[in-house]
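Worksheet: one structure, shown below.
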Ligand code: SAM
Ligand code: SF4
Ligand code: SF4
């Protein structure tokens, strides 16, 4: 055990080979999920026989909090809990409280499909969660049900959203992945619905994460097309980015009805500003969403390595980082072994 999560940090900015600092840490707390989104965990791969990680291979809350504490010494200030579906992990609020006790973590957020949020919003807020991002791919049940492939109704996610707002976990960002031929007809209804609300929708290009989703470039609806679709009905103007590493290009409605974000990872890659690392549920460190292999942190935290030794190892990994997959995405990268989004954490 260690008190690194609560001890004062000795932050020294660590840069990778492309001069990018490390600011954001995404932690996957489970590889399991109660949805089977077609673009993430398609049922033919993630069926009843799929072998999820056994419990003993998953990092404990103490291990996660220790690692997060060491990452703050490298410059991390933002931590996002994700998965799989993070709310299927029991007692998640305990982890939230442990992370919250680290003053270096100024932004502690959660990405969720929202299905279990109505039950957990208050406890999570009470434990110190700052905000939530909720994924929602359509507002009508037939389209949403086809996307999540688990018959989850929109109303249940909306109820979670209301609970989160009521608990003070707003303003909420809503993530919508757009897949050609599946839900592009839901783009305008989503834009319409969330105008004049505190929530902002981020429209996400369907990405080639993992292998199971059978990604094809033809399935991607480019952000430019989404922008054209929305602005034809509601004029939009670009907003300046507020910070380095902001992945969404933000636009505001000219009539003052709020803003949207476009995450164009495929058509307009943003690797040059990528300040993000990910830890998978079994404790592997990935310095890119498309990395082929992770660095095993679990054996390190389960060995007798000191905080200083682990910190030095993390620094070395980040210093050597050269990733820019999306900028290179081409014939060269097709067929490379890649890890699944539900494992690495989106
Ligand atoms: N289960 C939670 C959820 O859905 O919000 C958290 C994990 S999920 C992997 C995180 C985000 O990744 C979600 O917003 C999801 O829509 C997005 N995502 C998953 N697969 C994707 C893909 N192939 N392309 C783009 N975004 C994807
Ligand atoms: Fe589950 Fe989220 Fe992946 Fe959908 S996107 S299958 S909700 S992990
Ligand atoms: Fe970052 Fe890798 Fe995505 Fe580029 S492809 S933005 S380096 S995660």
Rounded to the angstrom and largest first, Cα extents along the principal axes for the stretch 91-233 equal 45, 36, 30
Structure-based [θ]222 nm, the chain - -39500 (n - 2.57) summed over DSSP H runs of at least 4, per residue, nearest 500:
-8000 deg cm²/dmol
Work out the FRET efficiency for residue 211 and residue 257 from their Cβ-Cβ distance, taking R0 = 41 Å, and round it to the nearest 0.05.
0.55
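Report the gain in length on full extension from residue 15 to residue 44: 0.36 nm times residue separation, minus Cα-Cα distance, nm rounded to one decimal.
Working: separation 29, 0.36 × 29 = 10.44 nm, distance 4.06 nm.
Residue separation times 0.36 nm, minus the Cα-Cα distance, leaves 6.4 nm.
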In the stretch 166-187, whose amide N lies under 15 Å from the spot 7 Å out along Cα-to-Cβ of residue 267? List them in ranges.
177-181, 184-185, 187
Expressed in nanometres to one decimal, the distance between label points 7 Å along Cα→Cβ at residue 293 and residue 308 is 3.0
Would you kindly state how much longer the chain becomes between residue 316 and residue 232 on full extension, computed as 0.36 nm times their sequence separation minus their alpha carbon distance, in nm to one decimal?
25.4 nm
When only Cα pairs under 8 Å and 6 or more residues apart are kept, what is the percent relative contact order across the chain?
22
Could you work out how far helix 154-166 tilts from the main Cα principal axis of the chain, as a 0 to 90 degree angle to the nearest 10?
60
Long-range tail of P(r) for the chain (Cα pairs > 38 Å, %)
11
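Read-outs throughout are calculated quantities, based only on the coordinates presented, and are distinct from any laboratory measurement. A quick note: this is a predicted structure, and the numbers were derived from the prediction, not measured. Backbone-built Cβ (ideal geometry, glycine too); neighbour counts: all protein chains shown.
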